[in-house]
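Enquirer: Take a look at the following structure, please.
The values are calculated or read from the model by the stated rules, or taken from the named source; none is laboratory data. What you see is a predicted model, and the numbers here were worked out from it, not measured in a lab. Heads up, the Cβs are rebuilt from the backbone with ideal geometry, glycines too, and the neighbour counts pull from every protein chain shown. For the accessible areas, the whole protein counts, side chains as well, though only heavy atoms, and no ligand, DNA or RNA atoms are used. Shrake-Rupley method; radii C 1.70, N 1.55, O 1.52, S 1.80 Å.
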Amino acid sequence: GPLQTLIELSEADKQSKGLCNNSLVIGNIAPVQLRPDASRHPGRILLPYMRNNFKVWIVHSDDDGVSWEGDRELVNMTVTEPGVPYADAKPDCDRGLSYFGLDIDYVGSLSPSDVMTWVTQICTQFKNPYNDPKLLSKQTGPWQWVGIGPPGSLELSDGRILVPGYHSYIRGLEGNGALPVSQLYNNFAFGHTMISDDGGDTWALTYDWVLSNGANENQMVQFPDGEVLTNSRSLATGSPQYRLQARSLDRGASFGKSEFTEIPQPFNGCQGSMIRGSDGALYVSGPDPTPASSWAQNAMYTLGCDVNLTGRDRVTIWKSADHGTSYPVKTLIDPGLSAQTSLQEHNGQLLLLYEQADPETFFTASETLVHHAIQNLKVLLPTRFVYREVKEDGGFPE
């Protein structure tokens with residue numbers, strides 16, 4: 001059917017309600033539809049979302065998404081500066097990598113010295129940042145970059161609603177024509193959860209996650225024994241380039257340590273999706289990136305650095321039959337440029353919605369040089385969204 005407008009905003013609101021000299025940005029949605037037998041608001045679609053990647057709002061639909069209402073802010077769902085009223089709280093828009101004692105906020109893609117400085121930093125100072133006492137000592141205080149999901153929230157078997165979230169202690173600076181390296185590190189993030197036990201009327205925030213390998217954009221599932229599993233994007237920026245998982249044994253109130261899976265991540269990671277199918281298996285979607293051969297990648301090889309400067313392509317589905325312990329089965333869905341994904345199941349049919357981008361064309365010598373320098377190591381702007389049915393074994397229907 002046609003696209004529906006979820007939130008009506010005036011041009012004045014868009015211009016006045018932004019942060020850090022930007023217009024208002026809305027994103028990181030994490031919808032969930034409550035079951036028909038829910039004790040409160042049966043069948044309601046709750047759609048929490050972020051404004052400016054700093055504060056959480058929510059809107060809902062009681063007619064299967066045809067119309068939306070009740071747009072409101074969920075207060076105190078972001079940790080802000082003590083003593084500052086929540087309504088007035090703002091992030092530190094000038095906080096870059098100097099916050100960690102590093103002096104490399106920007107990289108000119110055609111500047112060999114910039115690239116080498118950045119590569120050296122990745123190879124030496126960000127190999128294992130979640131175990132670096134100096135870096136971890138700065139991971140305190142007000143949250144600067146906050147997200148939820150995407151792509152969805154979870155209703156547990158007892159009706160509790162979990163909204164997966166993540167937060168970082170730097171926001172990142174604007175690029176101003178250069179690669180804004182500091183923005184890559186707002187993914188140096190940690191997990192948190194928003195919880196509602198009354199159908200989304202009221203919410204509580206918990207960030208009782210064991211400090212281990214962090215967490216980022218993530219989605220949750222529940223097993224029949226009550227255990228909750230979250231599958232997350234990882235930092236993947238000098239650190240290991242694999243997706244993360246963590247488990248909760250108390251209905252999402254706390255999570256154990258996050259551990260790397262065998263599912264690969266492109267450089268700087270990528271959002272993915274996870275659902276539990278009607279067959280009991282787990283399905284995870286995301287890129288299975290093509291190995292890089294860029295000049296920047298060759299610099300990595302020269303330094304003996306085990307970092308893959310890969311981009312977002314080859315969207316793939318992985319399958320686990322052992323509660324996420326292993327993912328031995330994978331099926332390539334699209335060999336081209338592709339990024340964000342969302343998995344669903346309807347009447348036993350596995351469904352996938354994902355971003356797809358056409359191959360780039362280069363019209364100038366400068367564009368060609370940039371491509372040789374970094375290849376797919378850039379923000380992927382989708383050309384279209386693709387919706388596909390997928391068989392339970394990961395293949396396509398006949």
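Enquirer: If the chain between V66 and A87 were fully stretched, how many nm would it gain, using 0.36 nm times the residue separation less the Cα-Cα distance?
Expert: 4.5 nm
Enquirer: Let me ask something else. Before I look further, what does region 75-134 give for accessible area per residue, probe 1.4 Å, in whole square angstrom?
Expert: Heavy-atom accessible area per residue stands at 55 Å².
Enquirer: For the pair Y207 and T120, how long in nm is the line joining their label points, each one 7 Å along Cα→Cβ?
Expert: 3.4 nm
Enquirer: Binning at 10 angstrom from zero up to the longest distance, how are the C-alpha pair distances of region 63-142 distributed in percent?
Expert: So the P(r) values, bin by bin, are 13, 28, 24, 19, 14, 2.
Enquirer: Keeping all protein chains in place, calculate the accessible area per residue for region 200-336 (probe 1.4 angstrom), answer in Å².
Expert: 37 Å²
Enquirer: Shape verdict for region 232-346, please, from the Cα gyration tensor: rounded (a/c under 1.5), prolate (a/b greater than b/c) or oblate.
Expert: oblate
Enquirer: Follow-up question, since we're still on this one. Using the Karplus curve 6.51 cos²θ - 1.76 cosθ + 1.60 with θ = phi - 60°, what ³J(HN,Hα) values do you get for each residue of region 376-390, in whole Hz, with x for Gly and Pro?
Expert: 7, 7, 7, 5, 8, 9, x, 7, 7, 9, 10, 10, 9, 8, 10
Enquirer: What does the charge dipole of the chain about its Cα centre add up to, to the nearest 20 debye, if the Cβ of each Lys and Arg holds +1 and the Cβ of each Asp and Glu holds -1?
Expert: The calculated dipole for the chain is roughly 760 debye.
Enquirer: Measure off, as a whole percent, the carbon and sulfur share of the 1.4 Å-probe accessible area of the chain, all protein chains present.
Expert: 52 percent
Enquirer: To continue, here is another question. Suppose the chain between S366 and S326 were pulled fully straight at 0.36 nm per residue; how much longer would it get relative to their current alpha carbon spacing?
Expert: 10.0 nm
Enquirer: Can you tell me the order of 384-391, 144-151 when each peptide is scored by its average per-residue count of other Cβ atoms within 10 angstrom, highest first?
Expert: Descending mean neighbour count gives 144-151, 384-391.
Enquirer: So, one more: Using a Förster radius of 41 Å, what is the FRET efficiency between D197 and V386 based on their Cβ-Cβ separation? Nearest 0.05, please.
Expert: With a Förster radius of 41 Å, E is 0.65.
Enquirer: May I ask you to list the lysines whose Cα is less than 23 Å away from that of K138, ignoring any residue fewer than eight positions away on the same chain?
Expert: Here the lysines satisfying the reach criterion relative to K138 are K55, K90, K127, K257.
Enquirer: What is the pair-distance distribution P(r) of the chain, computed from all Cα-Cα distances in 10 Å bins starting at 0, with each bin given as a whole percent?
Expert: Percent of pairs per bin, in order: 5, 22, 33, 27, 11, 2, 0.
Enquirer: Also: Given charges of +1 on the Cβ of Lys and Arg and -1 on the Cβ of Asp and Glu, with all other atoms neutral, how large is the dipole of region 203-344 about its Cα centre, in debye to the nearest 20?
Expert: That gives a dipole near 180 debye.
Enquirer: Just order 357-367, 343-353, 213-223, 42-52 by mean Cβ neighbour count inside 10 Å, highest at the front, would you?
Expert: 213-223, 42-52, 343-353, 357-367
Enquirer: Now a separate question. Tell me, how many Å apart are the Cα centres for region 34-74 and for region 145-163?
Expert: Region 34-74 and region 145-163 have Cα centres spaced 12 Å from each other.
Enquirer: Hey, another quick one. Take every Cα-Cα distance within region 199-282, group them into 5 Å bins from 0 onward, and report for each bin the whole-number percent of pairs it holds.
Expert: Per 5 Å bin, starting at zero, the Cα-Cα P(r) for region 199-282 comes out as 3, 15, 23, 23, 19, 11, 5, 1, 0 percent.
Enquirer: Ordered by packing density, taken as the mean number of other Cβ atoms within 10 Å over each peptide's residues, highest first, how do 53-61, 133-141, 75-83, 250-258 rank?
Expert: 53-61, 250-258, 75-83, 133-141
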